[in-house]
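The values are calculated or read from the model by the stated rules, or taken from the named source; none is laboratory data. Here the structure is a predicted model, which is why all the values come from computation and not from measurement. We place every Cβ from the backbone using ideal geometry, glycine too, and count neighbours over all the protein chains shown.
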Amino acid sequence: MTGHDVVFLLVALLTGGAALLTVTSKNLFHAALFLAVTLAGIAGTFLVMRADFLALVQLIVYVGSVAVLFLFGLMLTRAPIGREALDGQNRGLALVVSGTLFVVLSTLIISTFGGERAAEVAGPSIADIGISIFADWVLPFELLSMLLLAALIGAILLARREDGESGEPMPERRIELSDEPVTHAGAQELPAGDSKPELTAGGDR
Amino acid sequence: MMDLVFSTAITFVGQATSITTFDSYALSVVVKIAFALGLFFVVPLIGGYLEHKVMGRMQARRGPVEAGPFGTLQLVADGIKFIQKEDVIPRAADKWVFAAAPGVALVPGMLIFLVLPIGPGVFALDLELGLFYALAISSVSVLGIMMGGWASANKFALLGGLRAGGQLIAYELPLILAAIAVAVQAGTLSLVGIVEAQATFTLPGTTINVWYLFPQFLGFAIFFLAAMAELSRPPFDMPIADSELVFGYMTEYTGIKFAMYLLTEYGGMIVMSALMVVLYLGGWQLLPGVPLPGCEGTGGLFDCDPMGTLLGVVITIGKIMALVFLMVWARVAYPRLREDQLQRFAWLALIPLALLNLALVGVAKVVF
């Protein structure tokens, strides 16, 4: 076991532990924070495997943007300030799905790469990565960008609701905030149908 | 154990030689970390003192005068005061998140100092991905701000955290797009490499050496505005707008934790200014085309003797402080934007302009 393996093990343990806490944490906001730690840990494993460009991309895209968007969404909609227990009822189902995925993936990876001792890795230089993306693989790259763009436009279309589209005014909804530490049932009492939470304080519409 | 971790965990590719590199690996690591930490704790103090004094003069008062000669020790005194204060954690707050938030905001700012070059050879690391590293690491500190906003269990803090999240995401885009344009023109992401590329950049068809400020003035303007917004400094301080939100996400913070948020802001001012100096203002070059005395190498900016090195550091710090002065000036001169104006400005003005700038630079790079 080399020093490299030790560091990899440490980072992997941190990542795995944070991932476990993400799914077991009862507080939604804590779960999102543990998710951020998990994503940062994955960046760490990339770094240990000398993929520094990938590690930084992971950091800027997942930790700096995706995790922040999660937190933003949580703060905007549920905002369970303080201690609040939330739990899904799909524990068994989730366990089955993730267990199956884990078995399938690990079998695949072990049967493909198992027994092969990884060579001493040295990441490619950023110039090589750039040339291979924008010269050799430019068409798949552009296709992927188009796919992402289409997904983005689709998401905006789904989320956007014109006034009067459904024939009735938007139901009012506000974030319940009080000086009390616990969020009482106030947020849950709203009709379940409205999937469009919004800060009424904005007042622009 | 520690040097084992360092020797294997730090896998970035180093490029130019640094004065903080020694034969012994462990010594190099220690000196590099000490160098970055020293920069982080000293230079923001100078920037903060400058802000106090300049704001004082602009508002027809004198600024700090009592602590030390000309009030230079005011921020040190403030620091001691902050440490002495009681560390209050609201009963309703989420203790762990509340306590960790200022650290999460502060540490990324500290890590960026590892790659900032402030003179010929005066930097801890010259990464092949230096610019990308700085931008990627700085995108993490918004987590700390949102954590603080949420964990305070205070509606003003929550609103401040929300505003900060929206603002930092919106202004990160133009910031990165403007920086990419520089990387395209320089053909490298290494910060030292960008300084070198600027020293050899001449206007097409002539031998006149200019900084990237000249061909990319639009990019510089975008970067400067976006940097001010990223730091939530007036006139972009909606997340802490004191007349609307008490003090935004910092409302519940006291003592040393509050000081850590403040240090994040001052450190961020220095980081952003230093990045602008490297990207647009020629790094440690005194004037375009003028080599440093006692230096050789590309554009007379590298392989310096001690005198030239010192001069280079003084020039860089001087440029950084000039940019800090501009930021303070903007703070005093302009009132705060409204929240909707801020978002509109980012998405409808800065981002399209930044994309246009990138496209123009790309075309110009191919044509010339």
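Cβ-Cβ under 9 Å, sequence separation 6+ or interchain: first residue in the range B:15-38 and over 10 Å from B:Ala124 (Cα atoms), partner at pLDDT 70 or above and of a type in the set (Gly, Ala, Ser). Which pairs?
That search, which allows pairs on different chains as well, returns B:Gln15/B:Gly130; B:Gln15/B:Ser190; B:Gln15/B:Gly193; B:Ala16/B:Gly121; B:Ala16/B:Ser190; B:Ala16/B:Gly193; B:Phe22/B:Ser28.
Can you name the condition, by its number, that B:Val104 falls short on among (1) among the aliphatic types (A, V, I, L, M); (2) within 30 Å of A:Phe34 (Cα to Cα); (3) in contact (Cβ under 8 Å) with a residue 60 or more places away in the chain?
That leaves (3) as the condition not met.
Assess whether B:Leu135 counts as being crowded, with 24+ Cβ neighbours inside 10 Å and not aromatic (Phe, Trp, Tyr).
So B:Leu135 does not fit the description; no.
Return the total of residues in the range B:119-134 being of a type outside the set (A, V, I, L, M) and either free of Cβ contacts under 8 Å to residues at least 12 places away in the same chain or farther than 23 Å from B:Leu286 by Cβ (or both).
The number of residues fulfilling the criteria is 3.
Can you pull out the helices (runs of 4 or more DSSP H) entirely within the range B:163-278 that have at least 1 residues that are of a type outside the set (D, E, K, R) and over 29 Å from B:Ala77 (Cβ atoms)?
The qualifying helices (runs of 4 or more DSSP H) are B:191-200, B:217-230.
Assess whether B:Met307 counts as being in contact (Cβ under 8 Å) with a residue 12 or more places away in the chain and surrounded by 15 or more Cβ atoms within 10 Å (Cβ to Cβ).
For B:Met307, the condition - in contact (Cβ under 8 Å) with a residue 12 or more places away in the chain and surrounded by 15 or more Cβ atoms within 10 Å (Cβ to Cβ) - is not met.
Counting only residues that are without any contact (Cβ under 8 Å) to a residue 24 or more places away in the chain and within 11 Å of chain B (Cβ to nearest Cβ), how many does the range A:1-33 have?
6
Looking at B:Lys85, B:Lys95, which one is modelled with pLDDT of 85 or more and surrounded by fewer than 18 Cβ atoms within 10 Å (Cβ to Cβ)?
The conditions single out B:Lys85.
Looking at the range B:31-55 only, could you name the residues that are within 25 Å of B:Val65 (Cα to Cα) and among the β-branched types (Val, Ile, Thr)?
Scanning the range B:31-55 gives B:Val42, B:Val43, B:Ile46, B:Val54.
In the range B:139-146, is there at least one residue being at pLDDT below 85 and within 14 Å of chain A (Cβ to nearest Cβ)?
There is no residue in the range B:139-146 that is at pLDDT below 85 and within 14 Å of chain A (Cβ to nearest Cβ).
For residues in the range A:62-73 being under 20 Å from B:Leu135 (Cβ atoms) and more than 9 Å from chain B (Cβ to nearest Cβ), which is surrounded by the most Cβ atoms within 10 Å (Cβ to Cβ)?
Only one residue tops the list, namely A:Tyr62.
Is there a residue being over 23 Å from B:Gly165 (Cα atoms) and surrounded by 22 or more Cβ atoms within 10 Å (Cβ to Cβ) anywhere in the range B:343-352?
The answer is no, given that none of the residues of the range B:343-352 is over 23 Å from B:Gly165 (Cα atoms) and surrounded by 22 or more Cβ atoms within 10 Å (Cβ to Cβ).
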